[in-house]
Each structure stands twice: as structure tokens, then as C-alpha cells.
1. Which order do the peptides 65-71, 194-200 come out in when sorted by mean C-beta neighbours inside 10 angstrom, highest first?
2. Among VAL79, GLY239, ALA135, flag the residue with its Cα farthest along the positive direction of the charge dipole of region 2-275, charges on Cβ as +1 for Lys/Arg and -1 for Asp/Glu.
3. Using 1/(1 + (r/R0)^6) with R0 = 35 angstrom and r between the beta carbons of ILE240 and VAL101, what's the FRET efficiency to the nearest 0.05?
4. Extending each Cα 7 Å along its Cβ direction at VAL262 and HIS185, get the distance between those two points in nm, one decimal.
5. How far, in nm, would the chain grow between VAL148 and ASP130 when pulled straight, counting 0.36 nm per residue and subtracting the alpha carbon separation?
6. With a ≥ b ≥ c the root eigenvalues of the C-alpha gyration tensor of region 77-188, is it rounded (a/c under 1.5), prolate (a/b larger than b/c) or oblate?
7. When a footprinting reagent is the concern and you count Cβ atoms within 10 Å, what order do TRP132, TRP47 take, fewest first?
8. Starting from one equal scatterer on each C-alpha and no solvent at all, send me the Debye-based log10 I(q)/I(0) for region 2-275 at q = 0.13, 0.14, 0.15, 0.16 Å⁻¹, two decimals.
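What follows is calculated from the coordinates using simple rules that are stated; it is not laboratory data. Since we're looking at a predicted model, the values are computed, not measured. Because the Cβ atoms are built from the backbone with ideal geometry, glycine has one as well, and the counts that use them run over all protein chains shown.
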Amino acid sequence: MAAALALMAAFLFALAATLQQKGALNLAGVSLAKPMSLVRLVGQRMWLLGTAALLIGYLLQAAALDRGRLAVIQPLLVVTVVFALPLGWLLTNQRVGRREVGGAAVIVLGLALFTIYGDPAGGKDNAPNDEWAIALVLVSVVCAVLLVLGRNGTLTRTAAVYGSVAGILFGLSAALTKPTIEQLHDGLGVMLSHWHCYALAVAGVLGFVLQQVSLGTGRLAPSVATVSVCNPLVGVLLGIAIFDERLSRPLWHVVVAVIGLVLALGGAVLISLASRPDTKPEEIPGSSAALA
């Protein structure tokens, strides 16, 4: 049931990204430097439909995390990029070539290996505050460095950098969802008395905003692919580091599962690097990827 919920969430995330991109492409200048450009997205019907799909996807992901382990649920979300390819071709005229199709096939193979042989065991629903503090600081530093290094470049690079940061924040949000849901089982008041739900809200909103800037470049494949790589990667690392989740034994199962995860992430990277004519954001008048 947890795996099925995660796959349904992945499809909705792909649909949401495609619809949100379709709405963002109707506007010029979607940028962090121009906050009102983000507000204008609310007036786009396609963007609103995509946001509704995204919220439903979040609920399904939360339900999956409530029933399963972080190190299992998050890797399944890599399939988001597989769903996004045909949706992008149908709805926003995205180019889907042999490299994209090959990358999608590698993702499916890798996820199959990870799901069959991984089967993470053990784990807990929360971690000590000092471990959370270390994780939050590390995530913040990585995100800040990426944003600084990725301010200038081509549209594909812009999409990839902002998509990567969004994916990292979504992975953190998924980790924070587990203790938040556990606290909610004890009552709304209990949940609101802990810091996890507020940190979840901040990480989720920041990830959402950065994803909109990434999608606004018009480069759906690298945008979705980088989110789909960083989200599960951070989820798996946090699952192992602070939730004490471990891959199943014997050792060769662990090896095959790790190979499968690497294949899946590699397939997403292959899609994000698919060649196509590109330009710098500042070279396109009114480009929605302009960052200044």
C-alpha cells in the first residue's frame, strides 16, 4: 500500500510540474528577484490546477510515509521524471529523444532492483534534536552554496540548480513529515507544540517557490529530473543517518539495492543532461528564467 501511494504521488507530482510549467510560460520574468512575478502565477488557471495536483500528491506522499520507511518511499518518487516525459510532450511540446527514453528505462530498471532487494528494515519515527540540528545546518549550507554557484548560466543550468535545491528541501520535508504525522496521531495540539511541523512548512514552501523558478525556465526535463534525484537522495541519507533505517541482509542484497538506486539516479541525471539548443536567461527578452 505504501509503495502504491508513493507511485500515485509521483504521477501527481509529474502532472503538477507540467501544468505549473504551462502556466508559468504564459508569463514573463518569473524570478526570486521579482516577488510579484510569483504572485501573478495565481492568476493562471493551468498553474492552479497543477498546484491542486501537487497538494493531493503531498497528501498521498504523507500517507505513504505514515505506512512505510523513508528509505523506501523516497526512491520511488524518482519515477516522477518518467511520468513527466510523456506529459511534457503532450501538454507543453517538450522534446523527448532517445536519451530521455533511455534514461527513463534505466530509472525503471534501477527502481525495480532497489525495491526487490532493498527492503529497508528497522528505523524509528523521530530523532534527537541535536541530530536534527546537524542535518538542518548541513542541508542549509548545501542549498546556499548551490544557489550562489548557480546564479548565472544557461536556462538548463538554471533549471537544474533551482530544481536541485527544491529537491533537497523536498527530501528534508519528507523526513520532517514522519515525526509530524506521528505527533498528529496524538492530537493536533501535540503536533503544534513541536517544532517539526513549522520546519516542515518552511522547507516545503521554500522548495515550492524554487521549483516554480526552475519550471519557469521552460526546461521541464532537467527541472523535474534534478528534483527527482535530490529528493530521494536526501530522503535515503536522512533515513539512514537519523532514523536508523538499514537495507536488508544478506550483503549481496544490499549491494544490488545500492546499484539499483545508483542506476535510477543516474537515469534521472542522464535525462537532465539531455542535449538541446540552449541560451542564457539574459539572452531571451522577457525570459521567465531571468534571475535579476
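1. My ranking of the peptides, most packed first, is 65-71, 194-200.
2. VAL79
3. After rounding to 0.05, the efficiency reads 0.65.
4. The two pseudo-label positions are separated by 3.6 nm.
5. Working: separation 18, 0.36 × 18 = 6.48 nm, distance 2.73 nm.
Result: 3.7 nm gained on full extension.
6. oblate
7. TRP132, TRP47
8. Taking Cα atoms of region 2-275 as identical point scatterers yields -0.81, -0.95, -1.09, -1.24.
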